[in-house]
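Everything below concerns the one structure shown next.
The values are calculated or read from the model by the stated rules, or taken from the named source; none is laboratory data. Note that the coordinates shown come from a computational prediction; the quantities given were computed from them, not determined experimentally. All Cβ positions, even for glycine, are placed from backbone atoms using ideal geometry, and neighbour counts span all protein chains on display.
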Amino acid sequence: MRDIFGVARTQLVISLRERITLFWFLLFPLFLLVLLSLIFGSIGETQGMSFEVTIVNLDLGAPGADFATEIVETLQALSRPSLPSKTALFRLHEPASGADVAAFLEDELHALRIGKRDAVIVIPADFSRVLLAAAGAPLDDGSPTSPPSPVVVHTSGGRTASDIALGVIDQVLARVDKEILIHLGRFDVAREVQVERIEVGAENGNLGYVDFLVPGVILMGFFTAGLFSVPGTILFGREGKILRAYWVTPLGVPRFLAGFSLGHLALCALQFVCVWALGRFAFGARLDFFQPLAIVYLALSVVTFLCLGFLVAALAKTPNSGMAIANIINMPMMFLGGLFFPTGSVPPGLRVILLANPVTHLADGLRASVGVGAASYGHAVALAVPCAWIVGCVVVASLRLKWDVAR
């Protein structure tokens, strides 16, 4: 065992002494965690989300039923913060009393086009009167009943904030629509679908973007270490005939592999501790990685990316070609694996790559194991896909990997 631990110690010391290795495998993950947390840290925190919304009410109401006012009052309620320390969901803009409504609406639509507003809501004239007539009450002027005019929501195409604001407004209008149906006596409460809300993984409060990000940065560190460090050490060692010095000793390939893998595991453990400590104490990440399923995913990640590194070393003939292959694999697997951002909106053509990517399932399973969402494809799939990659990489590496230039 002494020779195995000797190889492990040598592997770890060499990695920590090389400036390039020290930067890319230890400092860069920490730098990336800090950068993304500072830029996107407020994502997922409701108190930091607010939308610039304009409401223009052209409806004069109807006798006994002013449904437009219900919509306006609901939006006004959402424009007031629930607590002094929180930000209101909407910053609402309305025309002043006596103002030219048409000119005001034109100015607000211009503000929407240049990005100063996220949505402009227009309630049409006679909205309440026609809606009341559609429910069965005759119009007071005897005119025929017509379908109620829609509430128009103007948004800015291509802007994420505008799209999110539209989704929130849709929910608000759906809630008001329910109140209107109750007022008209056309809503059957007994047939309403009951929804029970149970929060999973947020016992200590709402999770923020940093809680989503920390597992991704940890896996990124494991991934880059396996993809670049492993083939780099083997290929440069083989070309420089450094490995040949091992084979003239009683060490042998199996014991070298055991020591090499142990040293790689120690490097990944150091990466994990640094990223976890920074996320926990600098940005307040509330994740418990020290539980059985999370540890399984962490260990499986290390083994998967270690075997992926052996696969690159088996496919490459020279160190330069090995680094080229690693760079080709790196970006697609990393960014299509959802390490930094959710991948729910990936086009169908790329979804096949996403589903076959072990990074996707490891990130998905690790986050689910620490309470950040649920495993999209289930833990069975999240564990099976990386295991399949391990088997495939080991088979190919055992058949193709050459340990000596003379062989």
request  = Just give me the residues in the stretch 250-268 being exposed (fewer than 14 other Cβ atoms within 10 Å of the Cβ) and free of Cβ contacts under 8 Å to residues at least 60 places away in the same chain, in sequence order.
outcome  = 252, 254
inquiry  = Take residue 283 and tell me if it is surrounded by 18 or more Cβ atoms within 10 Å (Cβ to Cβ) and closer than 18 Å to residue 372 by Cα.
reply    = yes
In the stretch 116-142, residue surrounded by the fewest Cβ atoms within 10 Å (Cβ to Cβ) [restricted to those that are of a type in the set (Gly, Ala, Ser) and at pLDDT below 80] = 142
message = I'd like the residue in the stretch 1-35 that is assigned to a helix (DSSP H, G or I), at pLDDT below 85 and among the aliphatic types (A, V, I, L, M) and, out of all such residues, is surrounded by the fewest Cβ atoms within 10 Å (Cβ to Cβ).
response = 20
Condition check for residue 394: free of Cβ contacts under 8 Å to residues at least 60 places away in the same chain, more than 26 Å from residue 210 (Cα to Cα) and either assigned to a helix (DSSP H, G or I) or basic (Lys, Arg) (or both) = no
note = With the first residue restricted to the stretch 229-242 and required to be more than 14 Å from residue 327 (Cα to Cα), and the second required to be assigned to a helix (DSSP H, G or I) and not aliphatic (A, V, I, L, M), Cβ contacts under 7 Å at 6 or more apart or on different chains are 235/319; 235/322; 236/319; 239/319
inquiry  = Checking the conditions here, which among 251, 213, 207 is under 21 Å from the mean Cα position of the chain (by Cα), at pLDDT below 90 and not basic (Lys, Arg)?
reply    = 207
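Quick check: is even one residue across the stretch 372-383 farther than 15 Å from residue 334 by Cα, within 16 Å of the chain's Cα centre (by Cα), among the aliphatic types (A, V, I, L, M) and surrounded by 15 or more Cβ atoms within 10 Å (Cβ to Cβ)?
yes
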remark   = Residue hits (the stretch 319-369; small (Gly, Ala, Ser), over 22 Å from residue 288 (Cβ atoms), in contact (Cβ under 8 Å) with a residue 12 or more places away in the chain and part of a helix (DSSP H, G or I)) are 322, 326, 356
message = Which count do you get for residues in the stretch 91-125 that are touching a residue at least 60 places away in the same chain (Cβ under 8 Å) and closer than 21 Å to residue 166 by Cβ?
response = 9
ask   = If you go through the stretch 396-407 one residue at a time, do you hit one that is in contact with a Ser or Thr (Cβ under 9 Å, 6 or more places away or on another chain), at negative phi and in the same structural domain as residue 241 (by TED's automatic domain parsing)?
value = no
